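The next block holds one structure in the form of structure tokens; read it before the comments.
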Amino acid sequence: MPTARALRRRQRLALVASILVACLGAMGQGAAADPVRIAVLKFGTVNWELDVIKTHGLDRKAGFSFEVLGLAGKNATSVALQAGEVDIIVTDWIWVSRQRAEGIGYTFVPFSTAAGALMVPAGSPVRDLSDLKGRSLGIAGGPLDKSWLLLRALARQSLGFDADREIDKAFAAPPLLNQQILAGRLDAVLNFWHFAARLEAVGFRRVVGVDEIIRALGIDAKIPLIGYVFGQAWAEANRDQLLGFLAASREAKDILRRSDEEWVRLRPLMKAKDDATFRALRDSYRRGIPERWGEQERAAARRLFAILAEQGGEKLVGRSKALEDGTFWPHLVY
């Protein structure tokens, strides 16, 4: 039988142990990383990937958690990032370079190479860019839309005409452009990839894709035009979380590349009114999954920046005369 002194000693050791366990637990809770905060367009295609990550527990597998803030417009997401309300947004690297030229250290990793397209009705006489002369063209966004600037560059370089002067332009939101051309009020539209896919599903014809325009301008690489953007200082302070998020993003893309069943599950998010639209959106998304991201693609992006800067000038690129160093996060290559 243990003595009274030995019992008291055991009780003291048990008390100390219980206190240590409680303290370690509290320390662990305090050290738990905050969720990665991501702002996206409320009904944007990025939500499809984020849904796959959450549904399959890819965040837990990679050792991070995340929260999604759905906003109504692209400008709202950049404001949220600049205000420190979120950690990551999705936008283009032209914006990142412009911010870096102002001393604001954002940086970019690829999300998609999917690009828009010039679409016309099936029976349209428009076969190439020269056929747009004197016709009405709806353009998603405004005069500084990158697809429009690239189309202008190709028209001048290859066909010798000024598209800005010789085309009857109408700038509008993507859904409105689709409505207008479906109603016969426009001859052609230059719209974002998912709106072009919806037109393709109802029989419209693709004249040229923005990816084809880029190749025709002499840039032979698939360049991701949009990507995840975050502060470089935040990335350094939260490296493990960021790497976990990027690993989960790649795994989600792999699921979306190979699994038709996953797309069936996602269909309610896609707002596909019929099977043709569903297939067009799925296939276009898959074509936009980046396969490579290395020095070749980054060099091609620098050449593309020079073309866009020439066309859009300071209104597009700000003080950024060339693609700013650090625009692309240096720790991701595949």
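The values are calculated or read from the model by the stated rules, or taken from the named source; none is laboratory data. Since we're looking at a predicted model, the values are computed, not measured. Note that each Cβ is placed from the backbone with ideal geometry, even for glycine, and that neighbours are counted across all protein chains shown.
Things to note:
- Residue selected from segment 76-94 under the condition assigned to a helix (DSSP H, G or I) and not β-branched (Val, Ile, Thr), by the criterion surrounded by the fewest Cβ atoms within 10 Å (Cβ to Cβ): 82
- Qualifying residue in segment 66-75 (condition: within 25 Å of residue 198 (Cα to Cα), outside any strand (DSSP E or B), free of Cβ contacts under 8 Å to residues at least 40 places away in the same chain and among the charged types (D, E, K, R)): yes
- Filter pass, residue 39 being small (Gly, Ala, Ser) and touching a Gly at 6+ places or on another chain (Cβ under 6 Å): no
- The numbered conditions (1) surrounded by fewer than 19 Cβ atoms within 10 Å (Cβ to Cβ); (2) under 27 Å from residue 59 (Cβ atoms) are all true for residue 273 except (2).
- If you filter segment 108-122 down to residues that are of a type in the set (Gly, Ala, Ser) and within 20 Å of the chain's Cα centre (by Cα), you find that the one that is modelled with the lowest pLDDT is 115.
- Restricting attention to segment 211-234, the residues that are of a type in the set (Phe, Trp, Tyr) and assigned to a helix (DSSP H, G or I) add up to 1.
- Checked against the criterion of being buried (at least 24 other Cβ atoms within 10 Å of the Cβ), within 26 Å of the chain's Cα centre (by Cα) and at pLDDT below 95, segment 95-107 has no qualifying residue.
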